[in-house]
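A quick write-up on the structure given underneath.
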Amino acid sequence: MQGMAKTSGRPGRKPRPANQGQRVSLGLKVTPEIKNQLDAEAKRNGRTQSQEAEARLENSFRNERVLDEAIELAFERINGDLLIAVFGGITKAAAAASHILTDNEHWSDDPDTLTAAVFLINSLFDSQKNARGSLSELRVDLAIDFMTSEILRIMNNEEWLSERRRRLGVRAALIESWLKSLQRSAKPLDLEALTKRIGVLDEEEDAK
């Protein structure tokens, strides 16, 4: 019929499940950069190109499971899911915004996009804070002091930072700069005194 738009291209074939125990072929196209990296790593590891690609695909699924388990262990399932969902969504949105609005290679290199991402993260936790009612400023200050001390204990050591430099390259400098600023503002932490102050606060709140 006239007036109807013609569709271009072939419709994708419906995926068929592979039989267990059989080797199957995958048809995919990659960029020249990915192919060159894959060839170089295959040569370094003594594998064929197909073996290297398969190993990396297997590792990506395995690492995904390990990451989920590690986050759940560290933060419990609900909090871990919250972190993944929110920060994952915001970083993807930031990457898209940076690609459209700037010429920077990474969104964290663009001050405007970085500021927008921080604003959105804060807006989530501000909504939670307001939903929970009034806050004790002293208790918040105590939490900041304790968390700052813990962050520096966990992250501000050469072993941890060396791994971040290896994985993140020059972007690890952002973390190191942040840790230095935390270190400058950190207060000496007396856990015994902190526990006593929290106990006093609890007693005052119970008495109200």
Query - Residues satisfying the stated conditions in the range 187-208, i.e. free of Cβ contacts under 8 Å to residues at least 12 places away in the same chain and not in a helix (DSSP H, G or I) - result: PRO188, ASP190, LYS208
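Which one of GLU33, GLU41, GLU54, GLU58 is modelled with pLDDT of 60 or more, part of a helix (DSSP H, G or I) and surrounded by fewer than 10 Cβ atoms within 10 Å (Cβ to Cβ)? First the steps, then the outcome.
Working: GLU41 fails: surrounded by fewer than 10 Cβ atoms within 10 Å (Cβ to Cβ); GLU54 fails: surrounded by fewer than 10 Cβ atoms within 10 Å (Cβ to Cβ); GLU58 fails: surrounded by fewer than 10 Cβ atoms within 10 Å (Cβ to Cβ).
Going through GLU33, GLU41, GLU54, GLU58 in turn, the sole match is GLU33.
Condition check ((1) closer than 15 Å to ASP141 by Cα; (2) at pLDDT below 85) across all residues:
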residue	(1), (2)
GLU163	no, no
ARG166	no, no
ARG171	no, yes
LYS180	no, no
GLN183	no, no
PRO188	yes, yes
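The values are calculated or read from the model by the stated rules, or taken from the named source; none is laboratory data. Here the structure is a predicted model, which means the values were calculated and not measured. As a convention, Cβ positions derive from the backbone with ideal geometry for all residues, glycine included, and neighbour counts pool all protein chains shown.
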